[in-house]
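A.B. asks: Once you've had a glance at the structure underneath, I'll fire off some questions.
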Amino acid sequence: MSTVRVILGKEWASSLLTPRGLLLLAIQVVTMSVLAIVSLSLPDLSLMGQAGLLKLLFQVAVALAVALATLAASLTVAGERDQATLESLLLAPISGTRLLGAKWLAAAGAGAVHLLLSLPYLIVMGAGTGLALWRVPAGLGLALLLMAGYTGVAVAASTISGRTFSALVSTLVVAAVLEAPGFAAGALPKGALQKWLATISPGDQVMTLAGNLLAGKGLSGLGTSWLTVAIFLAAVYLAVRYAAAHLELMGGDAQ
Amino acid sequence: MIDVTGVTKRYKSYLAVSDLSLNVPQGEIFGFLGPNGAGKTTTIRMLSGLLLPTAGEGVVGGVSLHDRQQLKRVIGLMPESQGYYGYMTPLEYLGFFGRLYEVPAAKLRTRIGSLLETVGLTYAARRPVGQFSRGMRQRLGLARTIIHEPRVVFLDEPSLGLDPQGQREMQQMIRQINTEWQVTVFLSSHLLGEVAQLCHRVAIMRQGEVLASGQPEALSRELGQGARAHIDVGDIAKAAVVCGEEGIAILERDGQRLTVALGADHEALPRLLARLVAAGVAIYGAVPQTATLEEVFLNVMQSPAERAVSA
């Protein structure tokens with residue numbers, strides 16, 4: 001377990017304390033600040049009501065945090081390979097599974113920091129809605145499931161695809177394939193097809209769960225959403241395991 | 001310390017290493033030579049646990065080649081192209097790898113200090129590695145390679161890209177870790193002078209197969225196209241006649257100096273000198289020449305047909 005902690009520490013330092021990590025955190029903060037100011041000052045948006053604005057800002061905060069953390073995660077192994085640091089890591093007595101597990105955990109953790117940075121804005125926005133404020137961090141907690149899923153996809157793609165650019169492209173392709181049905185469902189009239197399309201998108205389902213929390217409702221009766229998220233996370237876990245086996249088999253060699 | 005038999009690595013239809021057998025005793029510096037694509041790096045990656053052999057058995061540092069996790073604890077590898085975390089200082093870099101190898105904290109502190117001293121980087125211990133020259137990075141890489149006190153270290157082109165002074169310093173450090181830290185060294189290098197100076201024994205590889213191995217001097221004798229000698233004489237015409245009578249080929253005439261081919265006959269030079277003295281030829285000097293490792297290497301690299309043509 002200690003080797004995992006060592007990798008975790010190094011990954012956290014490079015995710016959060018390097019110029020690249022700080023830049024990504026700054027993008028989150030600046031975007032949230034701009035959106036918060038715009039939402040509170042534009043009369044057209046205020047027509048949505050405070051609860052509507054909270055939901056919109058929440059969705060943007062989660063999407064942005066997941067996108068930035070996924071971007072960083074897709075560099076995690078491919079970047080080490082590009083910089084020729086991967087071989088030294090693989091020489092250490094740590095299994096591929098533990099190495100990738102630690103990198104995944106670190107990427108999801110860095111993503112959690114992005115979400116945490118959005119929390120004050122969302123609390124301010126939720127303060128006028130009469131909503132119990134614990135629902136905001138709880139909603140972000142649910143968003144962590146999506147964060148864990150997509151950072152896992154990025155870590156696996158980063159390992160299997162070899163180079164940074166192909167890692168980025170393959171992560172984007174996976175995200176597009178998974179989320180496109182959800183977007184398509186939003187454009188369709190209500191019906192069986194629309195419901196089915198929305199069901200298979202993990203992002204849509206996590207937003208449904210979090211949206212229910214923010215609307216003051218419970219999480220019961222959302223079995224399909226939980227199932228979609230569970231299947232998504234299980235598939236990502238298997239993909240990371242496969243990538244770890246691939247990494248050990250290739251001994252760090254690029255494809 | 002390294003004892004492997006029949007080690008083979010095949011990638012689909014490409015045979016990278018074929019039926020390799022090696023025995024390197026403890027404390028030796030072993031040179032591993034071959035042109036690009038010969039299979040040296042693949043061999044090193046198999047012997048260090050990075051790659052699993054397709055076939056073959058053996059132990060490195062007392063650990064089976066197939067027990068890759070355990071193997072990584074007893075070996076150190078400095079890859080040919082090694083990257084560094086530019087934002088870390090040497091203290092952080094070595095600390096990171098030391099913890100990864102589970103070196104106890106108290107021991108790690110003293111180990112890092114003495115390693116930085118060995119590789120001459122104590123003065124830069126708190127500077128980011130990103131500001132280091134190539135030579136400094138190579139030295140840090142060597143320190144990283146032995147941070148966990150491995151029994152065997154594999155150095156893949158450690159002097160690549162270094163200036164002559166850097167190469168000399170690297171050679172001194174390799175000798176130092178071999179003698180002071182009692183580490184067996186497996187050295188792959190294209191710098192044949194470096195290998196000849198450092199290594200107790202060498203192996204020469206081509207297209208995945210070891211073509212020759214042994215002590216550099218023995219290889220020079222056996223595979224260096226025979227020994228030669230420079231002889232400075234008073235009467236070069238008379239000396240040439242004597243050489244002809246003795247059946248010794250003259251390779252070159254330069255002023256009063258004859259360069260003659262002696263072949264594999266160790267007695268040829270004293271016999272020739274005795275005949276020259278008997279013939280009344282004054283001898284001012286006689287210097288036997290053995291083939292350099294470079295000549296041996298180039299000779300071994302030729303195919304048998306090419307060798308026949310050269311002969």
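The values are calculated or read from the model by the stated rules, or taken from the named source; none is laboratory data. Bear in mind that the values here come from a model prediction, so they are computed numbers and not experimental data. Positions of Cβ are generated from backbone atoms using ideal geometry, with glycine treated the same way; all protein chains shown enter the neighbour counts. Quick note on the areas: whole protein, heavy atoms, side chains included, nothing else; ligands and nucleic acids left out. Shrake-Rupley method; radii C 1.70, N 1.55, O 1.52, S 1.80 Å.
A.B. asks: Of all residues being more than 14 Å from every other protein chain (Cβ to nearest Cβ) and of a type in the set (S, T, N, Q) in the stretch A:48-81, which is farthest from the chain's Cα centre (by Cα)? Just the residue, please. Even if it seems obvious, please write down each step before you answer.
C.D. replies: Here is the first cut: in the stretch A:48-81, the ones more than 14 Å from every other protein chain (Cβ to nearest Cβ) are A:48-74.
With the extra rule that they be of a type in the set (S, T, N, Q), the set shrinks to A:50, A:59, A:70, A:74.
Values: A:50: 25, A:59: 12, A:70: 6, A:74: 12 Å.
Only one residue fits best here, namely A:50.
A.B. asks: Another question, then. Of the conditions (1) of a type in the set (D, E, K, R); (2) open to solvent by less than 70 Å² (accessible area, probe 1.4 Å); (3) in contact with a helix residue (DSSP H, G or I) (Cβ under 8 Å, 6 or more places away or on another chain), residue B:157 fails just one. Which one is it?
C.D. replies: (3)
A.B. asks: A further question on this structure: When you go through (1) over 21 Å from residue A:236 (Cβ atoms); (2) assigned to a helix (DSSP H, G or I) one by one for residue A:130, which number turns out not to apply?
C.D. replies: (2)
A.B. asks: Among the numbered criteria (1) farther than 19 Å from residue A:92 by Cβ; (2) among the acidic types (Asp, Glu); (3) over 29 Å from the mean Cα position of the chain (by Cα), which one does residue B:102 miss?
C.D. replies: Answer for residue B:102: the failing condition is (1).
A.B. asks: With respect to residue A:57, is the statement that it is over 29 Å from residue A:243 (Cα atoms) and surrounded by 20 or more Cβ atoms within 10 Å (Cβ to Cβ) true? Please lay out each step first, then the result.
C.D. replies: Working: over 29 Å from residue A:243 (Cα atoms): yes; surrounded by 20 or more Cβ atoms within 10 Å (Cβ to Cβ): yes.
Yes; evaluated as a whole, the condition is true for this residue.
A.B. asks: Looking at the stretch B:175-279, what strands (runs of 3 or more DSSP E) fall wholly within it and have at least 3 residues that are closer than 30 Å to residue B:143 by Cβ? Even if it seems obvious, please write down each step before you answer.
C.D. replies: Numbers: elements: B:184-188, B:201-206, B:209-214, B:227-233, B:250-254, B:257-263.
Hits in the stretch B:175-279: B:184-188, B:201-206.
A.B. asks: Identify the residue in the stretch B:123-147 that is open to solvent by 20 Å² or more (accessible area, probe 1.4 Å) and outside any loop (DSSP other than H, G, I, E, B) and, among all such residues, is farthest from the other protein chains (Cβ to nearest Cβ). Quick ask: steps written out before the conclusion?
C.D. replies: First, the residues of the stretch B:123-147 that are open to solvent by 20 Å² or more (accessible area, probe 1.4 Å): B:123, B:126-128, B:130-131, B:133-135, B:137, B:139.
Of the ones still in play, those that are also outside any loop (DSSP other than H, G, I, E, B) are B:123, B:130-131, B:134-135, B:137, B:139.
On the way: B:123: 24, B:130: 11, B:131: 15, B:134: 13, B:135: 17, B:137: 11, B:139: 15 Å.
Per the stated criteria, the residue is B:123.
A.B. asks: Go through B:120, B:113 for me and flag whichever is outside any helix (DSSP H, G or I) and away from chain A (no Cβ under 14 Å). Steps first, answer last, please.
C.D. replies: Values: B:113 fails: outside any helix (DSSP H, G or I).
Unique residue meeting the criteria: B:120.
A.B. asks: Criterion first (over 11 Å from residue B:293 (Cα atoms) and open to solvent by 10 Å² or more (accessible area, probe 1.4 Å)) does residue B:208 satisfy it?
C.D. replies: On the way: over 11 Å from residue B:293 (Cα atoms): yes; open to solvent by 10 Å² or more (accessible area, probe 1.4 Å): no.
Here the answer is no, as residue B:208 does not meet what is asked.
A.B. asks: Could you please find all residues in the stretch A:167-187 being modelled with pLDDT under 90, surrounded by 14 or more Cβ atoms within 10 Å (Cβ to Cβ) and either more than 23 Å from residue A:104 (Cβ to Cβ) or among the polar types (S, T, N, Q) (or both)?
C.D. replies: A:181, A:182, A:183, A:184, A:185
A.B. asks: Quick one: would you say residue B:259 is at pLDDT 75 or above and either hydroxyl-bearing (Ser, Thr, Tyr) or open to solvent by 60 Å² or more (accessible area, probe 1.4 Å) (or both)? Give the derivation first.
C.D. replies: Values: at pLDDT 75 or above: yes; either hydroxyl-bearing (Ser, Thr, Tyr) or open to solvent by 60 Å² or more (accessible area, probe 1.4 Å) (or both): yes.
Spelling it out, residue B:259 is indeed at pLDDT 75 or above and either hydroxyl-bearing (Ser, Thr, Tyr) or open to solvent by 60 Å² or more (accessible area, probe 1.4 Å) (or both).
A.B. asks: Could you list, in sequence order, the residues of the stretch A:109-146 that are more than 18 Å from residue A:213 (Cα to Cα) and crowded, with 22+ Cβ neighbours inside 10 Å? Talk me through it step by step, then tell me what you get.
C.D. replies: Here is the first cut: in the stretch A:109-146, the residues more than 18 Å from residue A:213 (Cα to Cα) are A:109-114, A:117.
Residues satisfying the conditions are A:110, A:111, A:114.
A.B. asks: Restricted to the stretch A:82-108, and to residues that are open to solvent by 20 Å² or more (accessible area, probe 1.4 Å) and more than 12 Å from residue A:147 (Cβ to Cβ), which residue is farthest from the other protein chains (Cβ to nearest Cβ)?
C.D. replies: Across the stretch A:82-108, the extreme among qualifying residues is A:101.
A.B. asks: Do any helices (runs of 4 or more DSSP H) lying entirely in the stretch B:5-109 carry at least 1 residues that are acidic (Asp, Glu), open to solvent by 10 Å² or more (accessible area, probe 1.4 Å) and over 29 Å from residue B:215 (Cβ atoms), and which ones are they?
C.D. replies: Numbers: elements: B:40-47, B:68-74, B:90-100.
Where helices (runs of 4 or more DSSP H) fall fully within the stretch B:5-109 and carry at least 1 residues being acidic (Asp, Glu), open to solvent by 10 Å² or more (accessible area, probe 1.4 Å) and over 29 Å from residue B:215 (Cβ atoms), they are B:90-100.
A.B. asks: Still on this structure, please answer the following. Can you find a residue that is touching a residue at least 24 places away in the same chain (Cβ under 8 Å), charged (D, E, K, R) and within 14 Å of chain B (Cβ to nearest Cβ) anywhere in the stretch A:129-143?
C.D. replies: So far as the stretch A:129-143 goes, no, none of its residues is touching a residue at least 24 places away in the same chain (Cβ under 8 Å), charged (D, E, K, R) and within 14 Å of chain B (Cβ to nearest Cβ).
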